[in-house]
Structures are given as C-alpha cells and as structure tokens.
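Everything on this sheet refers to the single structure shown next.
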Amino acid sequence: MLAAVIGLAFGGPAFAQDDAPAPCGPAGDLSMEFSKNVAADSRCFEIRMYTAEPEMDGKGGIDNLHRRFREGEVALFEKHGAEVVWAWQSLDNPNTLIWMLVYRDRAHRDQVFADFLADPAWPELRAKYEVPLTAEVFMMSATDYSKLK
C-alpha cells in the first residue's frame, strides 16, 4: 500500500513526484514483493481522503466539497471510466471526505485521470466550488482472499 500526502490548491489534483507509479491491479502487473498475496483478478483500488480547509468568504469548507461531488465530480470520474465505489463523511474529522475509486489496472487509472483533467467541465466545477484541501491517497490491490476484487 502506498500513501502520499498531497497538497491541493483549490481542489485541483496533484500527484506525488515518485519516479515509478504506485503499483496496483492484478497480481501479474506487480513485482514479486507485492504479487504473492494479491488476487490474479484484482482491480486497481484508490482511496482518497480529502480534508477541506474551513469555509471563508464562501470558499472552502466540507459542505462545498460535498456539493462539488454531488453536482458533478463523481459523474465526471465515472464518465471517464472510473467506478466510484463509495464516498464517506469521516466521523473522526468533520472536514474530511473519504472516497474510493476502482479501475481495471494502473494504466486505466492513469488514463481516467488524464481524461478527467482534460475535461472542460472540471475547471468550471472546480471554480464554482473552490475548496482548498489536502489529500491522502492510497493505491491498493485486493488480496487473494478479499471479497471485493
């Protein structure tokens, strides 16, 4: 599992500056270090935890982040091929939204994000709901005994 804390200015995606992309997906796509306990048919899972800055002058805040998700962010990811499995409100931190996306494999994840970022609806939605936030991202593959693959 890879975790990266990433700062996001007004909710725009940013990516860790690693040389190699985080592994995720079927066991055959992974190194031996990861693949021995991963399902051969695992998809690529990504958990994203967004902690919103408090609302000031109508910008920011967890409520605006939820509005952005309701009014298009989830639909945009799904339009470009991601499956949004769930989105949760953290009960440990009222400013944190936790959500999970699923892709066929790492290459599919990278293509979904590229298409999402290039979609003209994304800058419009982001401008409508400016939400400075930080993100914690986890890339995962399902174990061979997991029910969700």
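Read-outs throughout are calculated quantities, based only on the coordinates presented, and are distinct from any laboratory measurement. Remember, it's a predicted structure, so these values are computed and weren't measured experimentally. Glycine also receives a Cβ, built like all others from the backbone with ideal geometry; neighbour counts cover every protein chain displayed.
About the Cα centre of the chain, what is the dipole size in debye to 20, counting +1 per Lys and Arg Cβ and -1 per Asp and Glu Cβ, all else neutral?
320 debye
Taking neighbour counts of Cβ atoms within 10 Å as a proxy for exposure, in what order, fewest first, do Ser31, Ser146 appear? Please report the intermediate quantities before stating the final value.
Working: Ser31 8, Ser146 14.
So the ranking, lowest neighbour count to highest, is Ser31, Ser146.
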(message) Placing +1 on the Cβ of each Lys and Arg and -1 on the Cβ of each Asp and Glu in region 52-149, which of Met56, Ala82, Ala127 has its Cα farthest towards the positive end of the resulting dipole?
(response) Ala82
(message) From the phi angles alone, apply the Karplus equation (6.51, -1.76, 1.60; θ = phi - 60°) to region 32-38 and give each ³J(HN,Hα) in whole Hz, x where the residue is Gly or Pro.
(response) 4, 4, 9, 6, 5, 10, 9
(request) Excluding residues fewer than 8 places away in the same chain, name every one of the lysines whose C-alpha is closer than 30 Å to that of Lys149. (result) Lys36, Lys79
(message) Net charge around Lys59, counting only other residues with Cβ within less than 14 Å of its Cβ (Lys, Arg = +1; Asp, Glu = -1)?
(response) -1
